[in-house]
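Just below is one structure, and these are the notes that go with it.
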Amino acid sequence: MNKLLVFLFLITGLSYGQNFQVHSHNDYAQDVPFWKAFSAGCASIESDLILQNGKLMVAHNVPDIKAVNTFENLYLKPLQVIMNSEQYEAFDLQILIDFKTAAEPTLKVLMAQLEKYPELINGKNAAKKVSFVISGKRPEAEQYENYPSYINFDHQTVDTWPTNMDKVALVSLPFYKYTPWNGKGRLTSGDEAKLKTVIDQIHAKGKKVRFWATPDSKTAWYTLSKLGIDFINTDEPFACNAYLATLSERLVPRVEKDEATFKMPAAKFQQAAVILMVGDGTGLAQISAGILSQKTPLNLARIKSIGLIKTEAADDFTTDSAAGGTALATGKKTNNRYIGLDAEGKELLTIFDAAEAANYSTGIVTTDGIAGATPSAFYAHAADRDSSKKIGDYLLKSQMDIFIAGGGKAFKNTKWENRKIVSSISEIGTTSDAKVGFFAADGGLPYITEGRGNYLPKATMEALNFLEKKNKPFTLLIENGHIDGSGHANKAKALAAEVRDFDKAIGLVMQYVDSHPETLLIITADHETGGVTLPHGTKDEMEVQFHSDDHTGILVPLFAYGKGAEKLQGIYDNTEVYQRMVEFINAHK
């Protein structure tokens, strides 16, 4: 036991301290009392006490008493350690002591024991605070003032109040008195009103509130925090603290539509086109986050031809962007990390190869670097997605007509043959060069929440205008790579904002399709990232939960719009997206 306590002492130095007040209910029942709750970040820790033969024993019932489980061993000595250690710089910790034996004699022994630990009760260290609060069997309220300043009390009714409210540390009430809610679904409006009334009543007295016998789940923790309960009761201190500590980061406000509007110019020429838009890492939950975080409908919501895509790689249930992008670009399954190669390592023809053979122009627009795994699968061949030099060489040889992307640093001193690298995105519209490229950043572009602005819709418009002016069919890849990044980083607000930004570009392409009826638009993803769910929400915000920081095997949505969109309804393997694009190209040479 002592070795375990030393180990926990070593690992918990930086874990304490958070904005949420979590109460470790019946803490003595944890496999490691005190240390588990403290290292999890609990602000309040509960210990049941039984006075037996002059000793304070930690147990709920007399038959549960173990000789080693004294209050001193389980709580006072650990408190002394953290108080005297430089490893713990600051904390404000409440020890809620639930007396199971008569108040006066138990309090007498407790005070005598606390006097042996003056650093815990003298209040001399302003940064390290420990308060002792008596619950369970307490003295009469009018006697509270007879006890020293380091002893306070847990009030357990709102029907009467003691005259000396300064000795009341908090108010604890039974949850079942106000609602039978089991923590699933949501509270009824009537029960919610009852709880809010009593919480407001307690707060009006300037006191904190705790409910005991509450449900113990993520839904319950979310609901209790939204009600304004100060100490959230839990038997799962690590899980509860981890959930609540990141809750504010995972709450996404529901916003009005962005005022920035984009309109495609009138059609100058009529030509066939197949446009593939890839929301990297975008599963159905990500689409839902985008739709539900905006109070007005997204452009995506107008598309009626919808399907689902299976994304497994050749060598793994869960694909990466290299294998996922290769499947979309070539119609062949391959191994994770492979770019434009089959599972045996042989080079594959891409949709760009098929398009160029049919006299189509080709192009890429992405928020990622041009050598990123998804875009590079359309023009390069490499056994490792990080083979940047090899991928870069393929870019130099590529016949694609236009690219707009990040990642310019790798090409700083490159001599481009038959391609103009423009210095601004607006220059694309004025150049007379047949092939152009624009690097929007030396490295990666920032998230939309970090200042990327309207890069993606602007780049989409410039690419469409450039390709239309050629008056020949074209194939265009448009990717938002930052939805994937938001999933990896578990950035909820960024994720929703990236989906909405992607939707702006989708809206522009839909305008293009409307004025160019020989165009097919396909919108899908290479995989899902983050294991995203949307468990809770209100009219003003919603919660996004992440169950992973990596890719998952969840099916991803497919949306189709324009010529032949009806042929893309149903459930498909990701390789079939390529087949549908090739069929379109062959039918529209």
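Laboratory data are not the source of any read-out in this text; all were calculated from the coordinates shown. If you're wondering where the values come from, they're calculated on a predicted model, not measured in any experiment. Every residue, glycine among them, receives a Cβ derived from its backbone with ideal geometry; neighbour counts consider all protein chains shown.
What to note about this one:
- Enumeration of residues in the range 462-477 that are part of a helix (DSSP H, G or I) and under 17 Å from residue 271 (Cβ atoms): 463, 464, 465, 466, 467, 468, 469
- Scope the range 374-392; condition more than 31 Å from the chain's Cα centre (by Cα) and touching a residue at least 12 places away in the same chain (Cβ under 8 Å); matching residues: 379, 380, 381, 382, 383, 391, 392
- Where residue 329 falls short, out of the listed (1) assigned to a loop (DSSP other than H, G, I, E, B); (2) over 27 Å from the mean Cα position of the chain (by Cα); (3) within 16 Å of residue 572 (Cα to Cα): (1)
- Considering the range 277-325, the residues that are of a type in the set (Ser, Thr, Tyr) and in a loop (DSSP other than H, G, I, E, B) include one that is surrounded by the most Cβ atoms within 10 Å (Cβ to Cβ), namely 282.
- Criterion: surrounded by fewer than 24 Cβ atoms within 10 Å (Cβ to Cβ), over 27 Å from the mean Cα position of the chain (by Cα) and touching a residue at least 24 places away in the same chain (Cβ under 8 Å) - qualifying residue of 476, 508, 521: 508
- Answer residue from the range 393-418, given it is surrounded by 18 or more Cβ atoms within 10 Å (Cβ to Cβ) and either within 14 Å of residue 325 (Cα to Cα) or aliphatic (A, V, I, L, M) (or both) and is farthest from the chain's Cα centre (by Cα) among those: 400
- Condition met for residue 498 (part of a helix (DSSP H, G or I) and either touching a Phe, Trp or Tyr at 6+ places or on another chain (Cβ under 9 Å) or not charged (D, E, K, R) (or both)): yes
- Once the range 343-357 is narrowed to residues that are in contact with a helix residue (DSSP H, G or I) (Cβ under 6 Å, 6 or more places away or on another chain) and either assigned to a loop (DSSP other than H, G, I, E, B) or of a type in the set (Lys, Arg) (or both), the residue that is surrounded by the fewest Cβ atoms within 10 Å (Cβ to Cβ) is 348.
- In the range 428-456, the residue that is farthest from the chain's Cα centre (by Cα) out of those that are assigned to a helix (DSSP H, G or I) and surrounded by 24 or more Cβ atoms within 10 Å (Cβ to Cβ) is 456.
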